[in-house]
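Trainee: Input: one structure, supplied below.
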Amino acid sequence: MTGERNLAQLLSGMRPRLNPGRYVFTSVQDGPPEGTAPLVTVAEDEGLTLVVRQEEADAAGLPYDYVAGWITLRVHSALDAVGLTAAVAAELAEAGLSCNVVAGFHHDHLFVPYDRVTQAVELLDALAARSV
């Protein structure tokens, strides 16, 4: 199943969905602790980055500094598509919102400051509407 590559189609078809919960980024040395179900893992020289639900991190005693909301862009973007990440990041940056992007096989996932997640969805909806 091939993903979309046309930037106008990607933007107009984003259909951002806010996923429930609060998510945090943390780093461990020996793999995910028992009781955690990482949404994302990234192997780095310094350790294994995990994105987990805040309550799981708290229960496992994992440190974190950043609490995020998770937005899924429901358009099926091709992994070699050009411009979607840049356009989304620029839109959010204009409003002073940080954005951590993770590309899945089918969709892109955005982690934005939890206290501004509603604003982020509204901005993305407006960007999609302007891109039709």
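Trainee: Counting Lys +1, Arg +1, Asp -1, Glu -1, what net charge surrounds Thr36 among other residues with beta carbon under 9 Å of its beta carbon? The partial results should precede the final answer.
Mentor: Working: positive: Arg53; negative: Glu34, Glu56.
Once all neighbours under 9 Å are counted, the net charge is -1.
Trainee: Going toward the positive end of the dipole of the chain, with +1 on Lys and Arg Cβ and -1 on Asp and Glu Cβ, which of Leu92, Ile71, Pro16 do you reach last?
Mentor: Of the candidates, Pro16 comes out farthest on the positive side.
Trainee: If R0 is 35 Å, what FRET efficiency do you get for Ala89 and Ala43 from their C-beta distance, rounded to 0.05?
Mentor: Computed FRET efficiency for Ala89 and Ala43: 0.90.
Trainee: Going by alpha carbons, how many degrees (0 to 90, nearest 10) lie between the helix axis of 84-94 and the longest principal axis of the chain?
Mentor: 80 degrees
Trainee: Now, a different point. Do any GluC sites (Glu not before Pro) in segment 16-82 lie in a loop, going by DSSP, with at most 13 other beta-carbon atoms within 10 Å of their beta carbon, and if so which?
Mentor: Within segment 16-82, the qualifying GluC sites (Glu not before Pro) (loop, at most 13 other Cβ atoms within 10 Å) are Glu34, Glu46.
Trainee: Nearest 10 degrees, 0 to 90: what angle lies between the long axis of helix 117-130 and the longest principal axis of the chain (Cα atoms)?
Mentor: 20 degrees
Trainee: Still on this structure, I have one more. Can you give the calculated 222 nm mean residue ellipticity of the chain, where each DSSP H run of n ≥ 4 adds -39,500 (n - 2.57) and the sum is split over every residue, rounded to the nearest 500 deg cm²/dmol?
Mentor: -8500 deg cm²/dmol
Trainee: For the chain, with only Lys/Arg (+1) and Asp/Glu (-1) charged at the beta-carbon, what is the dipole magnitude about the Cα centre, in debye rounded to 20?
Mentor: So the dipole magnitude of the chain works out to roughly 660 debye.
Trainee: Next up: Given Gly61, Pro33, Val51, which one lies farthest toward the positive end of the charge dipole of the chain, if we put +1 on the Cβ of every Lys and Arg and -1 on the Cβ of every Asp and Glu?
Mentor: Val51
A short reminder: the numbers here are calculations on the coordinates, not readings from a lab. Keep in mind that what you see is a predicted model, and the values were worked out from it rather than measured. Neighbour counts are summed over all protein chains in view; Cβ atoms, including those assigned to glycine, are modelled from backbone coordinates with ideal geometry.
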